[in-house]
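Beneath this line is the structure, given in structure tokens, with notes to follow.
Each value in this text was obtained by applying a stated rule to the coordinates, not by laboratory testing. Every value quoted in this text rests on a predicted model; they were computed, and no experiment measured them. Cβ placement follows ideal geometry from the backbone for every residue including glycine, while neighbour counts extend to all protein chains displayed.
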Amino acid sequence: MKVLGIMGSPRIQGNTHLLLDEALKGAQSLGAEIEKLVVDKLEIAPCKEYYGCLKDGNCVIRDDMDGIYPKLLETDRILVASPMFFYGIPSQLKALIDRCQATWARKYVLKQRLSDKERKGAFLAVGATKGKQLFDGSILVIKYFFQAIDVQYADELLVRGVDKRGEIKDHHTALSDAFELGKRLVQ
Ligand SMILES: Cc1cc2nc3c(=O)[nH]c(=O)nc-3n(C[C@H](O)[C@H](O)[C@H](O)COP(=O)(O)O)c2cc1C
């Protein structure tokens, strides 16, 4: 089983990164083959609404998304991990998601089948504050993203009150919860 992790924070070895790595380790502990994309290290232009994708399902912009589309459509499980930036996800991750208007067009406009497998995904998120609605907007974004790549939103881990780089290591349960989520996702 292939598991793709999408690391949405620009901060390397920050809270999101540590959380995602634990979830990937959990999946790997049950034999899954894991791969991680660090979005900030990739060249992903924002969607420009050229709408070439409406014709044949392919984006007309040539950049690292060329290699990412096949990964998004082939993987059995997907983990999206993100910090909260102004009650949303960082723009680098949003650019990747917006470029999936191409897969949305394949599915909903061109009526193409994206995958023959039943695929599942989970959302991992961290934020500094403790607001009740901290993750609400981002959960909707990730759910809609998963729909556009034909993935069922199956699980989530939302960690509040974590701010400085690596502070998540001091959280009582976050990293072990992530490990368990990774295991659950591939069971
Ligand atoms: C541009 C920016 C915006 C942020 N906005 C929020 C926010 O709206 N709510 C919140 O709780 N934390 C916010 N934070 C704090 C981060 O979510 C927090 O520091 C998180 O632990 C960073 O995770 P990372 O180490 O994976 O990057 C913001 C941080 C930055 C840099």
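Of all residue pairs spaced 6 or more apart or on separate chains, those with beta-carbon atoms under 8 Å, a first member in region 115-137 that is in contact (Cβ under 8 Å) with a residue 40 or more places away in the chain and part of a loop (DSSP other than H, G, I, E, B) and a second member that is buried (at least 21 other Cβ atoms within 10 Å of the Cβ) and among the charged types (D, E, K, R) are R119/R77. For region 103-127, taking the residues that are of a type in the set (A, V, I, L, M, F, W, C) and within 25 Å of D21 (Cβ to Cβ), the one that is nearest to the ligand (Cβ to nearest atom) is identified as V126. Close Cβ contacts (under 7 Å, 6 or more residues apart or on different chains) running from residues in region 169-187 that are in contact (Cβ under 8 Å) with a residue 60 or more places away in the chain to residues that are assigned to a helix (DSSP H, G or I) and of a type in the set (F, W, Y) are absent. Determine, yes or no, whether A122 is surrounded by fewer than 16 Cβ atoms within 10 Å (Cβ to Cβ), within 17 Å of G8 (Cα to Cα) and in contact with a Lys or Arg (Cβ under 9 Å, 6 or more places away or on another chain). So A122 fails the test. Kindly indicate the residue of region 6-45 that is in contact (Cβ under 8 Å) with a residue 40 or more places away in the chain and β-branched (V, I, T) and also nearest to K164 (Cα to Cα) among those meeting that condition. By that ranking, first place goes to T16.
Residues that are away from the ligand (no atom under 13 Å from the Cβ) and among the β-branched types (V, I, T) within region 154-187 comprise T173, V186, listed in sequence order.
Going by what's in this entry, would K164 be described as out of contact with any Cys (no Cβ under 7 Å at 6 or more places or on another chain) and within 25 Å of R11 (Cα to Cα)? So K164 fits the description; yes.
Filtered by the rule that a residue be surrounded by 13 or more Cβ atoms within 10 Å (Cβ to Cβ), in a helix (DSSP H, G or I) and out of contact with any helix residue (DSSP H, G or I) (no Cβ under 8 Å at 6 or more places or on another chain), region 156-181 gives a lone residue, D177.
Is it the case, given these coordinates, that V141 is within 15 Å of the ligand (Cβ to nearest atom) and either within 14 Å of the chain's Cα centre (by Cα) or in contact (Cβ under 8 Å) with a residue 24 or more places away in the chain (or both)? It is true that V141 is within 15 Å of the ligand (Cβ to nearest atom) and either within 14 Å of the chain's Cα centre (by Cα) or in contact (Cβ under 8 Å) with a residue 24 or more places away in the chain (or both). Among the residues of region 95-128, those that are closer than 17 Å to D155 by Cβ and under 15 Å from the mean Cα position of the chain (by Cα) comprise R119, K120, G121, A122, F123, L124, A125, V126.
Restricting region 73-104 to residues that are hydroxyl-bearing (S, T, Y) and in contact with a helix residue (DSSP H, G or I) (Cβ under 9 Å, 6 or more places away or on another chain) leaves a set whose member that is nearest to C59 (Cα to Cα) is T103.
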